């Protein structure tokens, strides 16, 4: 989350009295928590005095410190808590989400240490006003050194990927269950579990990109980039993570780890992270937030230090471009939140174009470069990824029939045929011309017919038979690709007309 504060978050409707007067409901929650944690001090806690005072600053919440003081065996004891109070339905969802994220980090981080405040309770404060209370950590908002902070985050990621704890993800999937949302500022981010990281990333980024366009307005430039970005770039950079015998385990990430969500405990000197937006992800997605120029974590080798303790996923050579890909999603979120700032939209458009130009052949081009022995494995795994990845929100009903043909089992393809396919696809998608596609496809069909007639005149060998099957497959893909484009055009037209 970048430094500029969005205008809509500055209109604070929470009464200032919440930081001056104790709420009995909040006090009861705190006392109950203390008595559960310190059973041998049960009676003393029941006789404690409770004080409240304003603490900290926020543009969207009132915040305060609550001190519970009592005497135990002649010694004065003070236990402190942090109170956050927000307004309205959005505020209610925000504190509930933060409570659950803090709870899960605390549960998963036992072997890492006390790196985040412990959530105590959340609920209704007064009518239309909601609260979150957690343990108070007296901290300084600054970054710990890379050699201290990066290993800790890497350990949290690695431990979460190996945990046997449920944390509402018994199937070890990517995302979060469909009823859970996180927040980027006050922007809701809905999550839905996917079996593959590619499937989760494609679905969630598709939804966020459409929200961004609804908030800021549709442009032809983004429209022309969208199809190639989702059909070429995302499969090219994410599918290899989970093919050819490779796999990645979901890691529980903070989700919005920038320098103002990090501090140092004044008492212990240990790093502290807060304001989480957690979900189960590829661990490198966390570094996509780190790499943004407004984030001080982009400096001083934090990313390099992290990879000393959690090496890049295979293929390692894709790591930097995966980081750019993840940064695109981060900039889409910031473009939604800071709708008057032009730079975030400009950032993700520039990076989309960069990756599209670098990977015009998409996953098939990468697949062609792999050893021939891996082709059958690729075919099976590609089918599974494409089936899940095609279920973009809003496209399920329109595209299901067309996608059936695309996902038929791959036949073996020769290197010569694959080169021809890449060249044709590169010409087809260059500039992403919507209009005239039908004529281009018709010309391709004629060319294919002539080629097939020549092939039938040759002596049919086993290799020629495989080439013919591959060409038939290509024709199906072209037909399905045309159908997807038509579906996309219809849907974008509906969105512009306000019908969806």
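The values are calculated or read from the model by the stated rules, or taken from the named source; none is laboratory data. Keep in mind that what you see is a predicted model, and the values were worked out from it rather than measured. Methodologically, a virtual Cβ is constructed for each residue, glycine included, from the backbone with ideal geometry; neighbour enumeration extends over all protein chains shown.
Table for the structure above
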quantity: Matching residues, segment 57-78, being within 21 Å of residue 91 (Cα to Cα) and either free of Cβ contacts under 8 Å to residues at least 24 places away in the same chain or in contact with a helix residue (DSSP H, G or I) (Cβ under 8 Å, 6 or more places away or on another chain) (or both); calculated: 57, 59, 60, 61, 62, 63, 64, 66
quantity: Near pairs, Cβ below 7 angstrom, 6+ apart or cross-chain, from segment 296-307 (assigned by TED's automatic domain parsing to the domain that holds residue 271) to any residue that is surrounded by fewer than 17 Cβ atoms within 10 Å (Cβ to Cβ); calculated: 305/147
quantity: Some residue of segment 150-166 being crowded, with 21+ Cβ neighbours inside 10 Å, over 19 Å from the mean Cα position of the chain (by Cα), at pLDDT 95 or above and part of a helix (DSSP H, G or I); calculated: yes
quantity: Residue that is crowded, with 16+ Cβ neighbours inside 10 Å, at negative phi and at pLDDT below 90, where the choices are 34, 83, 108; calculated: 108
quantity: Odd one out for residue 52 among (1) in contact (Cβ under 8 Å) with a residue 40 or more places away in the chain; (2) not in a helix (DSSP H, G or I); calculated: (1)
quantity: Residue within segment 226-236 that is touching a helix residue (DSSP H, G or I) at 6+ places or on another chain (Cβ under 7 Å), assigned by TED's automatic domain parsing to the domain that holds residue 282 and part of a loop (DSSP other than H, G, I, E, B) present; calculated: no
quantity: Residue within segment 32-45 that is touching a residue at least 40 places away in the same chain (Cβ under 8 Å) and assigned to a loop (DSSP other than H, G, I, E, B) present; calculated: no
quantity: Complete set of residues in segment 125-141 that are in a loop (DSSP other than H, G, I, E, B) and either in contact with a helix residue (DSSP H, G or I) (Cβ under 8 Å, 6 or more places away or on another chain) or farther than 25 Å from residue 260 by Cα (or both); calculated: 127, 128, 141
